[in-house]
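The values are calculated or read from the model by the stated rules, or taken from the named source; none is laboratory data. Computed from a predicted structure; not experimentally measured. All Cβ positions, even for glycine, are placed from backbone atoms using ideal geometry, and neighbour counts span all protein chains on display. Keep in mind that these areas ignore ligands, DNA and RNA; they rest on the heavy atoms of the full protein, side chains included. Shrake-Rupley method; radii C 1.70, N 1.55, O 1.52, S 1.80 Å.
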Amino acid sequence: MPQTENLHDTATRLIGRKRLLAFAVPGVILAYFVYLFFAFDIPGLMDRARMDNAAILVADSYSYKTHVTHDNRVGGLGFAVEGEAKGTYPEGMVPEFVTMSGDDAARIELKAGEAAEIDGSTLRYTVPDYGTVVVTLEGREILLETPDGEVPDWISASSSRVNITGAGGRASVTRARTEVFRYAFGWELFWFTLDSQFYGKTPAELAGLVLSGDRVVDGKSNLAAIAHDVWYNKMWRHGDVLWAIFETILMAFLGTMGAALVALPMAFLAAKNFSRLMSIRFAMRRLFDFVRGVDGLIWTIILSRAFGPGPMTGALAILITDTGSFGKMFSEALENVDDRQIEGVASTGAKTLHRYRFGVIPQITPVLLSQVLYYLESNTRSATIIGAITGGGIGLLLTQAMITQKDWEEVSYYIVLIVLMVMAMDTISGWLRRRLIKGA
């Protein structure tokens with residue numbers, strides 16, 4: 001009986017502990033998330049969120065806007081895609097949605113039935129079922145008139161600036177200029193800029209020009225002229241972008257392959273079955289821990305200060321970081337080699353170097369190739385961020401586009417190219433692994 005009672009008490013305690021854990025664990029998790037909610041100031045973050053700005057950024061990523069600008073100081077109207085000098089309409093060319101009624105007056109047809117009229121320093125913005133908003137510049141003060149006398153939430157107004165965000169477009173009035181922005185889906189001027197002889201041509205018309213014997217540009221075939229205008233596109237800079245992609249891949253390739261070449265001989269010194277001195281093994285392993293323990297971005301910053309910006313600085317940062325990772329993995333692979341294969345090579349009278357070459361390297365080759373190819377794929381992504389710091393590759397162009405806060409369609413373009421680059425590297429590295437390791 002005493003033994004039965006002890007078993008019963010033990011079982012009761014175990015059940016009690018399980019019940020306690022069943023209640024305690026969810027409570028701890030809930031308390032943790034409550035702590036995170038306040039520690040990261042989620043309520044304040046939600047208050048500071050500007051969904052209107054977020055909507056504009058999203059729209060800018062898949063569409064473009066044409067700026068119709070009136071200079072409120074010297075007068076005159078200008079038309080430019082994204083408001084850039086590279087996208088300015090040549091003299092005498094006007095967007096199809098603009099109707100001119102004078103040097104300083106024009107009507108702009110927007111989407112969703114909206115329209116805007118610029119008449120000197122006066123802007124009239126018409127919204128269906130609401131009426132016309134009138135913004136006038138008088139001296140240094142900007143006056144706003146609305147149909148009901150109230151300022152709706154889609155208008156931001158002060159004495160120095162008025163911003164209107166409608167369903168079909170946007171407008172902005174300052175002392176310096178009056179601007180109307182008309183959005184359109186797509187990436188305008190992606191192939192040809194406005195000054196190109198091929199702007200506005202359909203694919204069928206371009207194909208006809210390629211096959212035609214009549215030359216559009218003197219001294220060049222039509223195909224060469226088309227390729228030239230696309231490659232040297234001033235808005236999208238396709239030539240510079242492709243070169244930046246090449247720089248990014250080259251940065252990853254040089255860093256990864258260089259790290260593998262440096263780490264392999266050092267791994268022999270860190271493997272206990274090839275390096276008999278414990279002090280050497282300890283020193284090599286701590287060196288590997290140090291160089292891989294410091295993040296690649298930290299090495300990038302340090303090397304940028306030491307050698308200046310450039311793709312080679314990024315490649316060197318990748319090389320240093322991956323030397324530690326490869327050294328650790330290669331040394332562990334060396335410690336697990338089959339000694340019988342080494343002894344078989346040694347029985348032929350082979351020297352030490354030959355024993356390593358024919359008895360050790362073939363055993364670790366699958367591990368070596370697999371890890372090197374995996375890191376090459378991973379470093380292609382890392383080289384994008386490193387390039388933003390060292391001033392090389394597609395990362396630099398991406399950072400520049402994001403800093404401007406206006407060219408978000410270019411940001412989308414670069415992100416698409418980065419994703420395609422990573423997908424291509426993943427496919428190529430997978431194919432190489434199959435061919436080199438499995439022989440399939």
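The share of accessible area on the chain that comes from carbon and sulfur is 61 percent, using a 1.4 angstrom probe. Close Lys pairs in the chain, defined as Cα atoms under 30 Å apart and 8 or more places apart or on different chains, number 24. Taking 0.36 nm per residue of separation and subtracting the current Cα-Cα distance, fully stretching the chain between PHE33 and ALA112 would add 24.0 nm. Protection proxy ranking of 391-398, 216-223, by the mean of other Cβ atoms within 10 Å over each peptide's residues and highest first, is 391-398, 216-223. Accessible area per residue for the chain, computed on protein heavy atoms with a 1.4 Å probe, is 58 Å². Calculated mean residue ellipticity, 222 nm, the chain: -18500 deg cm²/dmol, from DSSP H runs (n ≥ 4) at -39500 (n - 2.57) each, averaged per residue and rounded to 500. Helix 238-270 and the longest principal axis of the C-alpha atoms of the chain enclose an angle of approximately 10°.
Coupling constants for region 308-320 follow from the phi torsions by the Karplus curve (6.51 cos²θ - 1.76 cosθ + 1.60, θ = phi - 60°), and in residue order they are x, x, x, x, 5, 4, x, 4, 5, 5, 5, 4, 5 Hz; glycine and proline get x. For the chain, the longest principal axis of the alpha carbon atoms and the long axis of helix 278-293 meet at an angle near 20°.
For percent of Cα pairs over 32 Å apart, the value computed from the atomic coordinates appears in the list (i) 63; (ii) 67; (iii) 38 under label (i). Placing a label point 7 Å from the Cα of LYS220 along the Cα-to-Cβ direction, none of the residues of region 76-93 has a backbone N under 16 Å of that point. Each Cα pair under 8 Å and six or more residues apart adds its separation to the average, and for the chain the resulting relative contact order is 12 percent.
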